[in-house]
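Report on the structure given below.
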């Protein structure tokens, strides 16, 4: 059973996405899926994600945002296909600290309804 769905909206992130997927895979989470909601990137981001998934990472999948273009519609597309009880969104360009992900998601075990991570707030 998937508990967490991590949605990563992408546009031309082929150079970053495999590193990010590996970092998430090694950050200590369990019961999660990763949905890369790609905006039909011409650089082949979705193809790279699908190859990564096929190489033994069944928790990862790509979906194409074939509707309205943009960041928000891509996030919504990912959330619509999510199977997890808890939804999370991360950038695909490595600017979010993956090491913070387990702590952020653990806040839901303490009864939080909504959690925001920020580089501008301690803790």
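What 222 nm value per residue comes from the helices of the chain, counting each DSSP H run with n ≥ 4 as -39,500 (n - 2.57) and dividing by all residues, nearest 500 deg cm²/dmol? Write out the running numbers ahead of the final one.
Values: 4 runs with 39 residues, N = 123.
-9000 deg cm²/dmol, from helical runs alone.
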Seminar exercise, completed: Between the Cα axis of helix 45-54 and the main Cα principal axis of the chain, the angle (0 to 90°, nearest 10) is 70
Exercise. Helix 71-81 versus the longest principal axis of the chain: what is the Cα-based angle in degrees, 0 to 90, to the nearest 10?
Worked result: 80
Seminar exercise, completed: Helix 14-25 sits off the longest principal axis of the Cα atoms of the chain, rounded to the nearest 10 on a 0 to 90 degree scale, by 30
Exercise. Which one is right for this structure if Cα extents along the principal axes in Å is calculated from it: (1) 81, 37, 19; (2) 40, 31, 26; (3) 55, 37, 28?
Worked result: (2)
Problem set entry | segment 64-123-segment 6-55 distance, computed between alpha-carbon centres (Å) | 14
For this session: Give the peptides 27-38, 81-92, 105-116 in descending order of average Cβ contacts within 10 Å, highest first.
Result: 27-38, 81-92, 105-116
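No value in this document is a laboratory result; all are computed from the given coordinates. This structure is a prediction, so every number in the text was calculated from the model and none was measured. Note that we place each Cβ from the backbone using ideal geometry, even for glycine, and neighbour counts take in every protein chain shown.
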